[in-house]
Amino acid sequence: MLLRVRVALPDKPGSLAQVTKALGEAGADITQVIVLDRGEGMAVDDITLFWPESTPRQVLLKSLQSVEDVTVEGIWTTREAPGTYPELEVLKYITTAGDRALTTLIDSLPVLFSADWAATAAEHGVVYASWRAPQDLRLPDVTPSRPTAMTLEGDLHVIYAPLPPLALTLLLARSEGPAFHRIEVHRLTRILEIVLSLPATERSVARQLRK
């Protein structure tokens, strides 16, 4: 299975090598490492790896916890395809999706952000939701002025984002793993800025609202 691991570790030479060594000895096959944050002598890294389905995740957790000064912030499943800039491929599809631009975006976001599901809503209710979104989807009562990470009831981690040009809101959610990092919020903000500037996006929204 493909897993995402988020660790906080000392920002000094050799720290990441100790983490990758522990992962390798536990049986993990690392495919990607992304540095999310650095400061005050610490770094936060997201590591994507292949993990044997027959081996409990507790083995992975114990191996990481054995590394001095390393904190495991989360381990969760992901469908994200390893790659340096996977969002560029998604943006390419969106620009050519025509009336399906909005649905292509919503279906792609959970893969890009190792999340469970995404949805857009208007005043009358949900406009479009991706696979695995709950049937009784309820949005937070207050819409933030900009994309914001928050944790809702039941430890559901979300990014809640207004889409002012479209009179819509967007919710990106994951039920396992850590809360969304500020770098993930920034990344989503930039993606939305690009997508919302496309004429095809407005046409796609109009098509969804007519349904």
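The values are calculated or read from the model by the stated rules, or taken from the named source; none is laboratory data. Because the structure is predicted, anything quoted here is derived from the model rather than measured. Heads up, the Cβs are rebuilt from the backbone with ideal geometry, glycines too, and the neighbour counts pull from every protein chain shown. Please note that ligands, DNA and RNA were not included when accessible areas were found on the heavy atoms of the full protein model with its side chains. Shrake-Rupley method; radii C 1.70, N 1.55, O 1.52, S 1.80 Å.
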**region 68-183: mean projected area of Cα convex hull, nm²** = 8.8
**the chain, relative contact order [Cα under 8 Å, separation at least 6], %** = 18
**Item:** Spacing of the two label points (7 Å from each Cα toward its C-beta) at M42 and K62, in nm
**Value:** 2.6
**Debye log10 I(q)/I(0) at q = 0.13, 0.24 Å⁻¹ for region 7-54, Cα point scatterers** = -0.31, -0.88
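Over region 49-107, give the accessible area per residue in Å² for a 1.4 Å probe, as an integer. Before the final figure, lay out each step's value.
Numbers: 3370 Å² over 59 residues.
Per-residue accessible area for region 49-107 comes out at 57 Å².
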**Message:** For region 15-144, I need the span (max minus min coordinate) of the C-alpha atoms along each principal axis, in Å, sorted largest to smallest.
**Reply:** 51, 38, 34
**Area accessible to solvent at V111, 1.4 Å probe radius, in Å²** = 50
**Request:** Compute the distance in nm between two label points, each set 7 Å from the Cα along the Cα-to-Cβ direction, one at M1 and one at T55.
**Result:** 1.4
**Prompt:** Which of the peptides 184-197, 142-155 is most tightly packed, and how do the rest follow, going by the mean number of other Cβ atoms within 10 Å of each residue?
**Reply:** 184-197, 142-155
**Request:** Count the lysine pairs in the chain whose Cα atoms sit under 29 Å apart, keeping only pairs 8 or more residues apart in sequence or on different chains.
**Result:** 4
**Message:** What do you get for the angle between helix 15-26 and the principal long axis of the chain? Use alpha-carbon atoms, 0 to 90 degrees, nearest ten.
**Reply:** 90
**Request:** Taking every pair of Cα atoms in region 22-97, average 1/r, invert it to obtain the Kirkwood radius, and report Rg/Rh to two decimals.
**Result:** 1.06
**Fill in**
Distance in Å, no decimals, from the C-alpha centre of region 14-92 to the one of region 133-200 is 24
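Quick one: pull the percent of accessible area on region 63-156 belonging to carbon and sulfur, 1.4 Å probe, ligands and nucleic acids left out.
Numbers: 2590 of 5430 Å².
That share works out to 48 percent.
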**Request:** Tell me the label-point distance for the pair H181, L152, using the 7 Å Cα-to-Cβ offset, in nm and rounded to one decimal.
**Result:** 2.4
